[in-house]
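Enquirer: Have a look at the structure that comes next, please.
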Amino acid sequence: MIIARDGSTEFRIVRPAEAGLDFAADELARYLAIITGAWFEVAEEADGSAIVLRVEPGEAEEYGWEVEEGRVTLWGDCALSVLFAVYHLLESHAGCRWLSDFEGGEVVPRIEALEVPCERQVFRPAMTHRAFTNYPAIDQRTVSMVDWMAKHRFNRFMIFANAAGSLEAYEKVLRRELVGRGMKVEMGHHSFRFFLPPEEFFEKHPEWYAQLQGERSTKGQVCTSNPAVAEAMAARVCDFLDQHPEIDMVGLWPNDGYGWCECAECLSLEPQEPSGVYPSQPRRTDTYLKFVNAVAERVAQRHPDRFLSALAYVNYIEPPRETVPLANVKVCFAPFQRCFRHAIRGEEGCSRPNERYARLLEQWRGIVPGTLYLFEYLMLIDMMSLPYRLEPVLPADFQYYAGIGVDGFVLEFKPEEWGPYGENAHLIGRLAWDPEARLDEYRAGYYQELYGAAAGEMLEYFSILESSFIARGPCVYHYDLEYTRRATHQLLQPALEHLGRAIALAARGERRHREAVERAQTGVQLLERLGSWRELVAQDPARAREAGEELAQWVEARRKSGAVDAEYIARRVRTQP
């Protein structure tokens, strides 16, 4: 069926006034105008040929479309699902490709005659919690990210509670963007300090804070056994939710690190024994979860429709022995020390605690009555912007997660590192809807838009980099740089030959393609330089300090490349021994 031809159309876009579909209707009209050159009137009632948007009951975030002669119906179970239908239809039948602004921007074709086949399509997500969080700033780049998220069917954004100024920046630049799209918002991350700031309360109530080595301190957690702390925390959370009706969940997560209260009452909350995963620290899961439940019980009295989330992390990652999360408490599991070379479950030869994390996650799934989701590190924010391919790991991970009933994930991201890791976000977006998705097909189309004529050579470059450098190397995890010592020019040479040909091909193409290849080139140059520097750290520390400064200056000169987090890398190489 022809929707528009030669800049004209007989179709109008119809959306009910009360359904909250203005944003979806405006987006559809805007993109159809760009694609076809035709003006599509937006109306409240159908009159003749129409593209109808409607909300109708269905499974969580189910959406789809039905095309019959003279009518296209785009439907979903909520306004956001209808927006997903709009973007998905444009991708499937108009050829739109939703690349981020960090990749050169989306690709929207011009079509003389837009034809949509008569069909019915229905889509349901494998995971219902699909979120990103800012790390650390919220600014106009985050607005661009939210736009990309909606087009790739992510549904949530977590405000980073312990990053200074995040809430104010959210209120100023991001809230309207999220609410307009119908996306869900949560306040989370390490938040004890945010909701009970020591600078505001410690002087008057030192007993609210952890006792460490016999003295109350602002350097650790709160005193979880003190009922006044639960009362104060619940009141602060409720006041926050009063002021932000669009936020449906608050992450009541401990401050990063340890520092659990050592007063007699807190120590009596559970047996004093080492954590199995972090044996240098005492196990604290029941202690922590009892506190979250106490706060959640109080929050439910004022906000029965909102949720808290508890974090399973470091020495409180093991499931509780006796405490079950309340119905309004979701649990976020963070496999912080996982290996990135191997899938989370059952790969031989992995020296990291992946298999232990998998067993713990399954145990949590058997305990948590409601939502269990992951704080995943698959955007590699502490990998120094180095090229590290996750394509072999991602399908196995998401098939496993979906198979045991994990409800989703939240990912940190840095705009500065979209060059090396943006592909991970694209692939995760597909797998969250269909863990069996054919990533090779999607990746081929993605590379074509990203690299143009150089797409084939870039596929070969990354494939050889993965097979010769990553797959044959050691297990790799957060903050680890020792594996870079393998990055000799001789080892990388087969991959670099393809990169060289890609550079030549991209030079004759569009600017966006040249810049994408240049980002990859910057990444492998950084890998070689870091490898040489780590070798010096091991062999000649005095020379390593000089080389570290040279490396810091090199990355700072590429601060705006979209390939490196220059500030983070420079800080690390200047402070590493």
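The values are calculated or read from the model by the stated rules, or taken from the named source; none is laboratory data. Just so we're clear, the structure is a prediction, and the values are computed from it rather than from any experiment. We place every Cβ from the backbone using ideal geometry, glycine too, and count neighbours over all the protein chains shown. Ligands, DNA and RNA are excluded from the accessible area calculation, which covers all protein heavy atoms including side chains. Shrake-Rupley method; radii C 1.70, N 1.55, O 1.52, S 1.80 Å.
Enquirer: How much of Val107 can a 1.4 Å solvent probe reach, expressed as accessible area in Å² and rounded to 10?
Expert: My reading of the accessible area for Val107 is about 40 Å².
Enquirer: What list of ³J(HN,Hα) values in whole Hz, one per residue of the stretch 37-46 in order, does the Karplus curve 6.51 cos²θ - 1.76 cosθ + 1.60 (θ = phi - 60°) give from phi, with Gly and Pro shown as x?
Expert: 3J(HN,Hα) across the stretch 37-46, in whole Hz: x, 9, 9, 10, 5, 9, 9, 9, 10, 6.
Enquirer: Which shape class, rounded, prolate or oblate, goes with the stretch 113-187 when its Cα gyration tensor gives a ≥ b ≥ c as root eigenvalues, a/c under 1.5 marks rounded, and past that a/b bigger than b/c marks prolate? Let's see the in-between values first.
Expert: On the way: a/c = 3.20, a/b = 2.07, b/c = 1.55.
Verdict is prolate for the stretch 113-187.
Enquirer: Please give the calculated 222 nm ellipticity per residue for the chain, where each DSSP H segment of at least 4 residues contributes -39500 (n - 2.57) and the sum is spread over every residue; nearest 500 deg cm²/dmol? Mind dumping the intermediate values first?
Expert: Values: 19 runs with 237 residues, N = 577.
Counting only the DSSP helices, I get -13000 deg cm²/dmol.
Enquirer: Rounded to a whole number, what % of the accessible area of the chain do carbon and sulfur atoms account for, probe 1.4 Å?
Expert: Carbon-and-sulfur percentage of accessible area, whole number: 47.
Enquirer: So, in nm, how far is label Gln121 from label Val143 when the simple model puts each one 7 Å beyond its Cα toward the Cβ?
Expert: Computed distance between label sites Gln121 and Val143 equals 3.0 nm.
Enquirer: List residues of the stretch 398-430, by number, whose backbone nitrogen lies under 14 Å from a label position 7 Å along Cα→C-beta of Glu567.
Expert: Counting only backbone N, you get 414-417.
Enquirer: Further question on the same structure: What does the accessible area per residue of the chain come to in Å², with a 1.4 Å probe and no ligands, DNA or RNA counted? Write out the running numbers ahead of the final one.
Expert: Values: 23050 Å² over 577 residues.
Counting only protein heavy atoms, the per-residue value for the chain is 40 Å².
Enquirer: Now for a separate question. At Glu215 and Gln272, where each label point lies 7 Å from the Cα along Cα→Cβ, what is the point-to-point distance in nanometres?
Expert: Distance between the two pseudo-spin positions: 2.0 nm.
Enquirer: Order these peptides, 508-514, 341-347, 482-488, by their mean beta-carbon neighbour count within 10 angstrom, highest first. Each step should come with its number before you reach the end.
Expert: Numbers: 508-514: 15.6, 341-347: 20.1, 482-488: 18.3.
Packing proxy ranking, top to bottom: 341-347, 482-488, 508-514.
Enquirer: Dipole size in debye (nearest 20) for the chain around its Cα centre, Lys and Arg Cβ +1, Asp and Glu Cβ -1?
Expert: On the way: 64 positive and 87 negative charges, 292 e Å.
Roughly 1400 debye, rounded to the nearest 20.
Enquirer: Residue by residue, what Karplus-based ³J(HN,Hα) values in Hz, rounded to whole numbers, does the stretch 143-150 have, using 6.51, -1.76 and 1.60 with θ = phi - 60° and x for Gly and Pro?
Expert: Values per residue, Gly and Pro as x: 4, 4, 5, 4, 4, 5, 4, 4 Hz.
Enquirer: Let me ask something additional. Mind listing the long-range amide H neighbours of Val52? Cut-off is under 5 Å, sequence gap 5 or more, other chains count too, H placed in the peptide plane at 1.01 Å from N.
Expert: Here the answer is Val14, Val72, Thr73, Leu74, since their amide H atoms fall under 5 Å of that of Val52.
Enquirer: Return the long-range amide H neighbours of Tyr209 (sequence gap of 5 or more, or a different chain), with a cut-off of under 5 Å between placed amide H atoms.
Expert: Answer set, sorted by chain and number: Cys223.
Enquirer: Stretch Val108-Glu556 to full length: gain in nm at 0.36 nm per residue minus the Cα-Cα span? Display every interim value, and only then the final one.
Expert: Values: separation 448, 0.36 × 448 = 161.28 nm, distance 3.38 nm.
Gain on extension, Val108 to Glu556, equals 157.9 nm.
Enquirer: Can you work out the Karplus-derived ³J(HN,Hα) for every residue in the stretch 161-178? Use 6.51 cos²θ - 1.76 cosθ + 1.60 with θ = phi - 60°, whole Hz, and x for glycine or proline.
Expert: The phi angles translate into 4, 9, 8, 4, x, 5, 5, 5, 5, 4, 4, 7, 10, 10, 4, 4, 5, 6 Hz.
Enquirer: Under 5 Å between amide hydrogens, which residues at least 5 positions from Leu411 or on another chain qualify, with H placed 1.01 Å from N in the peptide plane?
Expert: Excluding prolines and chain starts, which carry no amide H, the hits are Ala131, Phe132, Thr133.
Enquirer: Count the lysine pairs in the chain whose Cα atoms sit under 26 Å apart, keeping only pairs 8 or more residues apart in sequence or on different chains.
Expert: Pairs that pass both the separation and distance tests number 15.
Enquirer: Using a Förster distance of 51 Å, how high is the FRET efficiency between Glu18 and Asp382, based on the Cβ-Cβ distance and rounded to 0.05? If you can, show how the numbers build up before the last one.
Expert: Values: r = 46 Å, r/R0 = 0.91.
Efficiency computed from Cβ-Cβ geometry: 0.65.
Enquirer: Once a ≥ b ≥ c are taken as the square roots of the eigenvalues of the Cα gyration tensor of the stretch 1-135, is the result rounded (a/c under 1.5), prolate (a/b larger than b/c) or oblate (a/b not larger than b/c)? Don't jump to the answer; show the numbers that get you there.
Expert: Details: a/c = 1.69, a/b = 1.18, b/c = 1.43.
Note, shape of the stretch 1-135 comes out oblate.
Enquirer: How high is the relative contact order of the stretch 366-440, in percent, counting Cα pairs under 8 Å that sit 6 or more residues apart? Walk me through the numbers before you get to the answer.
Expert: On the way: 64 pairs, mean separation 33.3, N = 75.
So the answer I get is 44 percent.
Enquirer: Which distance in Å, rounded to a whole number, links the C-alpha centroids of the stretch 458-510 and the stretch 337-384?
Expert: If we compute the Cα centre of each part, the gap is 26 Å.
Enquirer: Next question, about the same structure. Classify the chain as rounded, prolate or oblate, taking a ≥ b ≥ c as the square roots of the eigenvalues of its Cα gyration tensor: rounded when a/c is under 1.5, otherwise prolate if a/b is larger than b/c and oblate if not.
Expert: Details: a/c = 1.97, a/b = 1.17, b/c = 1.68.
It is oblate, given that a/c is not under 1.5 and a/b is not larger than b/c.
Enquirer: Separate question: Just to verify a number: FRET efficiency for Ser49 and Glu199, C-beta to C-beta distance, R0 = 45 Å, to 0.05? Write out the running numbers ahead of the final one.
Expert: Numbers: r = 62 Å, r/R0 = 1.39.
Calculated transfer efficiency: 0.10.
Enquirer: Return the FRET efficiency for the residue pair Glu91, Ile404: r is the Cβ-Cβ distance, R0 is 35 Å, and the value is rounded to the nearest 0.05. Please report the intermediate quantities before stating the final value.
Expert: Working: r = 30 Å, r/R0 = 0.86.
Approximately 0.70, to the nearest 0.05.
Enquirer: Here is a further query. If you average the sequence gap of Cα pairs under 8 Å that are 6 or more apart and divide by the length of the chain, what percent do you get for the contact order?
Expert: Working: 1100 pairs, mean separation 58.4, N = 577.
10 percent.
Enquirer: In addition: Suppose the chain between Gln576 and Arg176 were pulled fully straight at 0.36 nm per residue; how much longer would it get relative to their current alpha carbon spacing? Could the numbers behind the result be given before it?
Expert: Details: separation 400, 0.36 × 400 = 144.00 nm, distance 4.16 nm.
Once the chain is fully extended between Gln576 and Arg176, it gains 139.8 nm.
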